[in-house]
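Below: one structure, written as structure tokens.
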Amino acid sequence: MTLAEKLAKERRARLAAERLLEHKQRELFAANEKLALHARALSNQIVEQRQVVRSALSEAEALKGQNSRFLTDLDRAHTAAVMAERRLWDSVETIRDGFAVFDTSLKLVAANHAYLAVFAGHPEIAPGIGYEAILRLCWEKKLVEVGDAGLEEWIATMLGRWDQDPIPPVVVRFFNGQYVKLIDRRARDGDMVTLALNITETIAREAALREAQERAEAANRAKSAFLANMSHEIRTPMNGVVGMAELLCDTTLTEEQRLYAETIKTSGEALLVIINDVLDYSKIEAEKIVLHPEPFDLERCIHDIVMLMQPSVQEKGVDLLIDFDIFLPTRFVGDPGRIRQVLTNLIGNAVKFTDHGQVLVRVVGFEADPGLQELHVSIEDTGIGIAAEHLDHIFGEFNQVDDQWDRKFEGTGLGLAISRRLIEHMGGTIWVDSVAGQGSCFGFEVVLPVAEDVGADPAAPIALHRALVVDDQLTNRRILQRQLETYGLEVITCRSGAEALAAVAEGPAFDVVLTDHNMPDMDGVQLAHRLRQAGQTVPILLLSSHPGPVREDAAARADLAAILQKPVLRRDLFHRLQSLSAPMPPAPVAALPPVPVPERRAMRVLAAEDNRTNQLVFRKMTKDLDIDLVFAGNGLEALDLHASFAPDLIFMDISMPEMDGRAAARAIRAAEVATGAHVPIVALTAHAMEGDAEGILAAGIDYYLTKPLRRSAITEQIVALCPQGARPVLPRTEAETEAA
Ligand code: ADP
């Protein structure tokens with residue numbers, strides 16, 4: 001190879017190497033380029049990664065803080081939950097009754113000590129045990145009384161309760177005598193909550209209450225029976241008193257005797273009204289009182305009551321005064337029985353609780369509306385009074401101020417309660433003011449219509465001008481002065497006989513002297529005598545609470561124009577003053593001679609009545625009737641006499657020994673079935689209890705009369721039932737005889 005060739009070859013080799021180098025350089029450059037790009041990308045990635053890591057780190061930091069807060073909160077919440085649960089159970093433990101919770105599978109979740117205490121000695125009764133197992137243990141160990149129920153039956157009954165909605169409570173008695181009332185409720189999540197209330201005390205209290213109620217009812221029944229008996233026992237003799245008084249009033253009597261007889265009669269009737277009212281107390285309690293308004297004289301009513309009380313106040317030396325407002329009408333429309341009952345109670349109490357001084361009944365009033373008077377009646381006494389602490393309940397039932405103290409005084413403690421109810425029923429009010437040791441003032445206010453005054457005082461004025469009133473009591477002087485002044489008299493008052501003698505001596509002359517009887521130093525009779533000795537002819541009226549002895553003393557009577565019983569009715573005083581200037585009325589015409597009776601048999605009347613006095617009253621009340629009267633002493637005798645005497649009419653007392661009126665009437669009706677006859681039977685009964693009328697009429701009795709017997713009612717019945725074949729029972733009048 002030539003050099004050239006060699007040089008050419010080398011050059012070619014060099015050129016090839018240079019191209020390769022160039023190529024490699026390009027490749028290197030490209031590789032560098034790529035590497036640079038990659039490196040840049042990597043570095044960007046690293047920056048990004050760093051940022052991510054940084055934010056992740058800060059987030060983690062934040063989360064870490066949060067987490068620890070959550071942990072604290074959780075811890076707190078846990079503590080609170082534990083405390084709440086403990087508190088709840090502490091509270092549940094404080095309950096003296098049992099408390100338990102069962103889950104939906106009837107397993108005991110929790111129970112307080114009270115619940116578990118009844119199972120002491122049975123440690124298996126603890127949370128986790130089933131309800132049925134508890135029931136089973138109770139039955140098997142005889143922890144509860146289950147009666148005759150078998151185990152399965154009892155468990156079924158007790159479990160069955162829990163299926164009901166609402167679950168009925170049940171009372172179980174434990175072996176130790178404790179009564180437990182189980183009250184179960186289902187909670188929202190299905191748990192069963194049981195409350196076991198210990199009601200042993202309640203049961204014992206209920207039993208005691210029941211027993212007390214039974215005792216009270218028995219006592220009440222005894223009271224009713226007592227009232228019924230009392231009604232009879234009091235009414236029977238009162239019937240005699242009132243009947244005899246009525247008969248007495250029909251005889252010829254002096255004025256004084258008539259006053260006494262009429263007072264006995266009206267007072268007896270008042271007493272019967274009171275008995276009825278006491279019997280009616282249950283009615284009043286039930287607010288079923290019915291008032292029977294009718295015209296009545298209030299002043300007369302008060303006067304009658306005062307007259308009834310007069311003997312007892314006289315014994316004590318207490319003055320019983322009436323101050324009836326002179327400008328007030330006396331006749332009103334109201335229920336006189338009820339008003340009398342209230343007044344009798346209030347005046348009676350005042351008299352009962354006053355040993356010295358006076359009892360003043362004051363009536364004032366004013367016209368509330370045309371024809372309507374608002375009446376204020378007060379009863380003031382100077383008696384023992386009532387302590388302030390008793391005043392509030394004085395109008396309650398059976399309220400006697402002090403048992404010990406009251407033992408001295410009789411009374412039911414019902415009077416004021418009845419009075420209050422009655423007055424309230426009349427639309428009025430009743431009140432009391434009292435100072436212990438000084439006296440009491442009871443009062444009531446009612447509005448009553450004014451009644452037409454049928455027996456109004458004649459308008460004729462009194463022909464007297466100057467009156468002298470002598471009384472040691474200021475109240476009396478005032479009352480009399482006011483009364484006399486309204487009659488147009490000029491009145492001078494004196495406190496004693498000596499003052500009166502001086503006043504008369506001084507002149508001018510008096511037309512009338514009204515003097516009290518009982519005065520210290522010189523009494524009314526002595527004063528009259530001294531006036532007469534001094535040559536005074538002035539009419540002297542003696543006002544006396546106890547006029548009997550003076551009326552019997554001829555010498556005293558000679559000095560006096562009249563002796564008036566205190567308190568004096570306004571009307572009586574008025575008439576007396578009028579009569580002092582008027583001529584005496586003519587003597588009453590003598591009774592007519594008896595009329596001959598026509599020929600026919602007398603009506604046969606049988607009266608069955610066991611009480612001798614009432615027999616006598618009946619005989620006397622029918623004495624003017626032309627009848628053939630026979631008495632039977634009891635129902636058996638009445639039955640015999642019905643057969644042997646063949647009465648046209650039978651009066652039948654209801655309460656009789658051996659056979660009572662009802663039984664006798666039934667027997668008579670039974671005997672009549674064979675003959676077809678029917679004798680009228682009129683019941684006479686002392687019973688005021690309601691329902692009697694129906695019972696009596698059911699026994700075959702035709703008519704019904706309540707005692708006290710009244711002559712007019714008996715006569716009416718006999719006349720109405722007089723048979724055709726008998727003589728008329730009433731004696732004919734002179735006119736009828738002449739006409740015949
Ligand atoms: P009683 O039938 O016991 O009198 P009341 O209801 O009428 O029943 O009276 C109840 C009680 O009120 C009396 O027992 C008495 O303690 C007291 N009382 C009533 N009126 C008076 C009075 N005028 N003065 C003092 N105490 C009175």
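Test Arg495 against the criterion of being surrounded by 18 or more Cβ atoms within 10 Å (Cβ to Cβ), free of Cβ contacts under 8 Å to residues at least 40 places away in the same chain and of a type in the set (D, E, K, R), and give yes or no. So Arg495 does not fit the description; no.
Yes or no: Leu531 surrounded by fewer than 19 Cβ atoms within 10 Å (Cβ to Cβ) and out of contact with any strand residue (DSSP E or B) (no Cβ under 6 Å at 6 or more places or on another chain)? Taking the combined requirement at face value, the residue does not satisfy it. Summed over the range 74-111, residues that are aromatic (Phe, Trp, Tyr) and at pLDDT below 90 total 1. In the range 646-658, the residue that is surrounded by the fewest Cβ atoms within 10 Å (Cβ to Cβ) out of those that are closer than 16 Å to Thr685 by Cα and aliphatic (A, V, I, L, M) is Met656.
When each of Asp103, Asp165 is tested for being acidic (Asp, Glu) and surrounded by fewer than 12 Cβ atoms within 10 Å (Cβ to Cβ), the lone residue that passes is Asp165. For the residues Arg205, Arg173, the requirement of being among the basic types (Lys, Arg), closer than 22 Å to Asp97 by Cβ and assigned to a strand (DSSP E or B) singles out Arg173. Scanning the range 122-133 turns up one or more residues that are part of a strand (DSSP E or B) and either among the hydroxyl-bearing types (Ser, Thr, Tyr) or touching a strand residue (DSSP E or B) at 6+ places or on another chain (Cβ under 7 Å) (or both). None of Ala632, Ala643 is buried (at least 18 other Cβ atoms within 10 Å of the Cβ) and either within 30 Å of Cys249 (Cα to Cα) or of a type outside the set (Asp, Glu) (or both) except Ala632.
Being surrounded by fewer than 22 Cβ atoms within 10 Å (Cβ to Cβ), free of Cβ contacts under 8 Å to residues at least 24 places away in the same chain, under 46 Å from the mean Cα position of the chain (by Cα) and on the phi < 0 side of the Ramachandran plot is a description that applies to Leu564. When the residues of the range 425-438 are narrowed to those that are at pLDDT 90 or above and more than 19 Å from Val364 (Cβ to Cβ), which ends up nearest to the ligand (Cβ to nearest atom)? Among them, the one singled out is Ser434. Within the range 321-343, being over 31 Å from the mean Cα position of the chain (by Cα) and more than 17 Å from Val364 (Cβ to Cβ) holds for no residue.
Residues of the range 499-521 that are at pLDDT 90 or above and either in a strand (DSSP E or B) or surrounded by fewer than 14 Cβ atoms within 10 Å (Cβ to Cβ) (or both): Ala502, Val512, Val513, Leu514, Thr515, Asp516. Considering the range 259-368, the qualifying helices (runs of 4 or more DSSP H), each wholly inside and each with 1 or more residues that are buried (at least 19 other Cβ atoms within 10 Å of the Cβ), away from the ligand (no atom under 16 Å from the Cβ) and at pLDDT 80 or above, run over 298-316, 336-352.
Remark: pairs (first residue in the range 725-737, of a type in the set (Asp, Glu) and in a helix (DSSP H, G or I); second residue surrounded by fewer than 15 Cβ atoms within 10 Å (Cβ to Cβ) and modelled with pLDDT under 50; Cβ separation under 7 Å; 6+ apart in sequence or on different chains) = Glu734/Leu592. Please find, within the range 408-418, the residue that is modelled with the lowest pLDDT out of those that are assigned to a helix (DSSP H, G or I) and near the ligand (Cβ under 7 Å from one of its atoms). Checking each candidate, the answer is Gly415.
Results for (1) over 30 Å from Ala509 (Cα atoms); (2) crowded, with 20+ Cβ neighbours inside 10 Å; (3) at pLDDT 90 or above, shown as yes or no for each residue.
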site: Asp381; (1), (2), (3): yes, yes, yes
site: Ile384; (1), (2), (3): yes, yes, yes
site: Glu397; (1), (2), (3): yes, no, no
site: Asp406; (1), (2), (3): yes, no, no
site: Ile423; (1), (2), (3): yes, yes, yes
site: Val469; (1), (2), (3): no, yes, yes
site: Arg482; (1), (2), (3): no, no, no
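Under the condition of being part of a helix (DSSP H, G or I) and without any contact (Cβ under 8 Å) to a residue 24 or more places away in the chain, the residues counted in the range 522-538 number 1. Please verify whether Val52 is aliphatic (A, V, I, L, M) and closer than 30 Å to Ala110 by Cβ, treating the condition exactly as stated. Here the answer is no, as Val52 does not meet what is asked.
The values are calculated or read from the model by the stated rules, or taken from the named source; none is laboratory data. Values in this document were obtained by computation on a predicted structure and should not be read as measured data. Here the Cβ is made from the backbone with ideal geometry for all residues, glycine too, and neighbour counts use every protein chain on show.
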